[in-house]
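The values are calculated or read from the model by the stated rules, or taken from the named source; none is laboratory data. As the structure is a prediction and not an experimental result, all values here were calculated from the model. Methodologically, a virtual Cβ is constructed for each residue, glycine included, from the backbone with ideal geometry; neighbour enumeration extends over all protein chains shown. The area values use the complete protein model at the heavy-atom level, side chains included, leaving out ligands, DNA and RNA. Shrake-Rupley method; radii C 1.70, N 1.55, O 1.52, S 1.80 Å.
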Amino acid sequence: MCGDRMETLTLGSRGPYVKLVQSLLSRIGYYPGAIDGVFGNQTRQAVIAFQRDNGLTPDGIVGPVTWNYFQSFLRGYDTYTIRPGDTLYKLAQSYYTTVNAILTANPGVNPLYLRVGQRITIPYGIDVVFTDIDYTYEILETDIDGLEARYPFIETGVIGQSVLGKNLYYIRLGTGPVEVHYNAAHHSLEWITAPVLMKFIENFLRAYSTGSTIRGYNVREIWNSSSIYIVPMVNPDGVNLVLEGLKPDNPYYNQLIQQNTTGLPFSQVWQANIRGTDLNRNYPASWEEAKAQEPSLGVFGPGPTRYGGPSPLSEPETQAIAKFTRAHNFKLVLAYHTQGEVIYWLYKNMQIPRAQQIGETFARASGYALSSTPYEAAYAGYKDWFIEEFQRPGYTIEAGRGQNPLPISQFNSIYNRNEEILLLAPII
């Protein structure tokens, strides 16, 4: 997310990137008022103070130059050139970080022999993944960049592209032989599930690098025995449509206007990808049965939700997930959604060994109910396809309750209820 690609923000601006700037300013000591996505006078004064302290023109406008300064904070690190007299201890103090964090980001550096002119990566003492903002695709990319810099031993990659060419990223935690897979944000209104997985990634990496535990679990043991493959945002086009609104330069602008027959804004109703296909009804498991349901659900073509597409795996997003799944030997999978505080584990009453037992363990860890799948969500989902194709346990975790999109104020509650599931899945 480069500064020159970001829209200029000024007094009166609104949206997810205003919220991002507000959250950042509050973390680094410049109070912008409420983190509400509205660029008011208090936010402007905080921007002016930041600009003045960093030698920028103090105009209160977040244009390309100010964005570029914000970028190092948003990525969570700076690239620093060693000067005479520098020590890692002094640098850690000036960047509000720790010597261990600097050594983790620079595995080849000898703290006793710093060379003048040597370039190193210094992580800031603030988290990479913010959990009080609207989580767009561009913010996801920035966070992955920041995690790669802080933890250069992690594996990241791209499993495919969305309809609009956005990358479908994966992050791998661990190097062990037992493989599991987690994904989130098949549905665009359910974007809150993406930062849930990204915050887990950050917490797991921090614990691994420091040799600490999470909830009593030995993270290094999990790392060495397992490989957790996470795709945090399956539907980036839809997520950005919900969070940023429909923009005139969107190549599907006219179709989307026609397809949204609800009379409500996209931010309140749009679950599908940018072509109006519900990705979690686009998998081959009983896809025909799902199509047969559509008229009874009031679905007669592409639209906000529950249209399964013209054929199974018709969409590049589901094609990528299916190909990625087939390329691995996943012991089990978790697909994150947001409605109901329940865990769905059954597909057509197929009795998969240990599936119910594992599901009951997840239910105890989270406080969610283990439940059979309701009629309108019984077919063509990712977990359905995984169970049918691989005869192994698959779970849809409905992590919240309320009207989609759930407010980001629910983040901490959702995360705390799911962290142990995410730790248990590779070792259960």
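Over all distinct alpha-carbon pairs, what is the Kirkwood Rh of segment 78-216 in angstrom? Walk me through the numbers before you get to the answer.
Details: mean 1/r = 0.0595 Å⁻¹.
Averaging 1/r across every pair of different Cα atoms and inverting gives 16.8 Å.
In whole angstrom, note down how far apart the Cα centers of segment 117-166 and segment 341-399 are.
31 Å
As a check on your grasp of the helix formula, calculate [θ] at 222 nm for the chain: sum -39500 (n - 2.57) over DSSP H runs of n ≥ 4, divide by the residue count, round to the nearest 500. Intermediate values should be presented prior to the final figure.
Details: 16 runs with 163 residues, N = 428.
That comes out to -11000 deg cm²/dmol.
I want to check the label-to-label distance for residue 427 and residue 215. Put each point 7 Å from Cα in the C-beta direction and report it in nm to one decimal.
Between residue 427 and residue 215, the simple spin-label model gives 1.1 nm.
Note the direction-averaged projected area, equal to a quarter of the hull surface, for the Cα convex hull of segment 6-55, in nm².
Working: hull surface 12.6 nm².
Seen from a random direction, the Cα hull of segment 6-55 projects 3.2 nm² on average.
Over segment 4-47, with every protein chain in place, what whole percent of the accessible area is carbon and sulfur at 1.4 Å, could you tell me? Spell out each step's value before the answer.
Numbers: 910 of 2040 Å².
In segment 4-47, the share of accessible area belonging to carbon and sulfur is 45 percent.
From the phi of every residue in segment 312-319, what ³J(HN,Hα) in whole Hz does the Karplus formula 6.51 cos²θ - 1.76 cosθ + 1.60 yield, where θ is phi - 60° and glycine or proline is x?
Along segment 312-319, the couplings run x, 6, 6, 9, x, 5, 6, 4 Hz.
For residue 288 and residue 389 in one chain, what is 0.36 nm times their gap in residues minus the Cα-Cα distance, to one decimal in nm? Working shown, then result.
Numbers: separation 101, 0.36 × 101 = 36.36 nm, distance 1.61 nm.
So the chain would gain 34.8 nm between residue 288 and residue 389.
Express in nm, to one decimal, how much length is gained between residue 14 and residue 80 on full extension, taking 0.36 nm for each residue of separation and deducting their alpha carbon distance.
20.4 nm is the gain from fully extending residue 14 to residue 80.
Tally the DSSP beta bridges in segment 319-428 and give the antiparallel ones as a percent, rounded to 5. Could the numbers behind the result be given before it?
Details: 3 of 11 bridges.
In segment 319-428, DSSP labels about 25 percent of beta bridges as antiparallel.
Would you mind classifying segment 83-124 by shape? Square roots of the alpha carbon gyration tensor eigenvalues, ordered a ≥ b ≥ c; an a/c under 1.5 is rounded, otherwise it is prolate if a/b is larger than b/c and oblate if not.
Numbers: a/c = 1.71, a/b = 1.20, b/c = 1.42.
The shape class here is oblate.
Say we join alpha carbon atoms closer than 10 Å with springs in a Gaussian network model of the chain; which of 307, 113, 347 then has the biggest fluctuation?
Maximum among the listed residues: 113.
Taking the DSSP beta bridges in the chain as the whole, what percent of them are antiparallel, to the nearest 5? Before the final figure, lay out the partial values.
Values: 21 of 40 bridges.
Expressed as a percentage, antiparallel bridges in the chain total about 50.
Have a look at 301, 238, 12 and tell me which one the Gaussian network model of the chain (Cα, springs below 10 Å) gives the largest fluctuation.
For the chain, modelled as a Gaussian network with Cα springs under 10 Å, the answer is 12.
Tell me, what is a quarter of the convex hull surface for the C-alpha atoms of segment 322-363, in nm² with one decimal? Could you put the intermediate results ahead of the total?
Working: hull surface 15.7 nm².
If you wrap the Cα atoms of segment 322-363 in a convex hull and average its projections, you get 3.9 nm².
Nearest 10 degrees is fine. How inclined is helix 355-366 to the longest principal axis of the chain, computing both from alpha carbons?
40 degrees
What percent of all Cα-Cα pairs in segment 194-264 falls in each 10 Å bin, counting up from 0?
All Cα pairs, binned at 10 Å, distribute as 15, 33, 17, 17, 16, 2 percent.
Accessible area per residue for the chain in Å², computed with a 1.4 Å probe and the full protein assembly in place, what is it?
On the way: 16980 Å² over 428 residues.
I get 40 Å² per residue for this part.
Averaging the inverse of every distinct alpha carbon separation and then flipping it gives the Kirkwood radius. What is it for the chain, in angstrom units?
22.7 Å
Taking the square root of 5 times each eigenvalue of the Cα gyration tensor, what semi-axes in Å does the equivalent ellipsoid of segment 1-157 have, largest first?
30, 18, 13
Report the per residue volume, in Å³, of the convex hull enclosing the C-alpha atoms of segment 304-428. Intermediate results must be reported in sequence, preceding the final value.
Working: hull volume 15.0 nm³, N = 125.
Each residue corresponds to 120 Å³ of Cα convex hull volume.
Take the residue pairs 199/383; 323/383; 291/383; 291/348; 247/291 and return only those whose Cα atoms are more than 20 Å apart. The partial results should precede the final answer.
Values: 199/383 23 Å; 323/383 14 Å; 291/383 17 Å; 291/348 16 Å; 247/291 30 Å.
199/383; 247/291, as the Cα separations exceed 20 Å there.
Cα extents of segment 221-325 along the three principal axes, largest first, in whole Å?
For segment 221-325, the Cα spread along each principal axis is 52, 34, 21 Å.
If you wrap segment 380-428's Cα atoms in a convex hull and average its projection over all directions, what's the area in nm²? Please report the intermediate quantities before stating the final value.
Numbers: hull surface 18.0 nm².
Across all orientations, segment 380-428 yields a mean hull projection of 4.5 nm².
Antiparallel versus total DSSP beta bridges in segment 122-251: what percent is that, nearest 5? Write out the running numbers ahead of the final one.
Working: 11 of 17 bridges.
Expressed as a percentage, antiparallel bridges in segment 122-251 total about 65.
Once the piece of chain linking residue 68 and residue 153 is laid out straight, how much longer is it, given 0.36 nm per residue of separation minus the C-alpha distance between them? Write down the numbers at each step before the final one.
Details: separation 85, 0.36 × 85 = 30.60 nm, distance 2.61 nm.
Difference between extended and current length: 28.0 nm.
In whole Å, what three semi-axes, largest first, describe the equivalent ellipsoid of segment 40-111 built from its Cα gyration tensor (square root of 5 times each eigenvalue)?
Each semi-axis is the square root of five times an eigenvalue, giving 30, 12, 11 Å.
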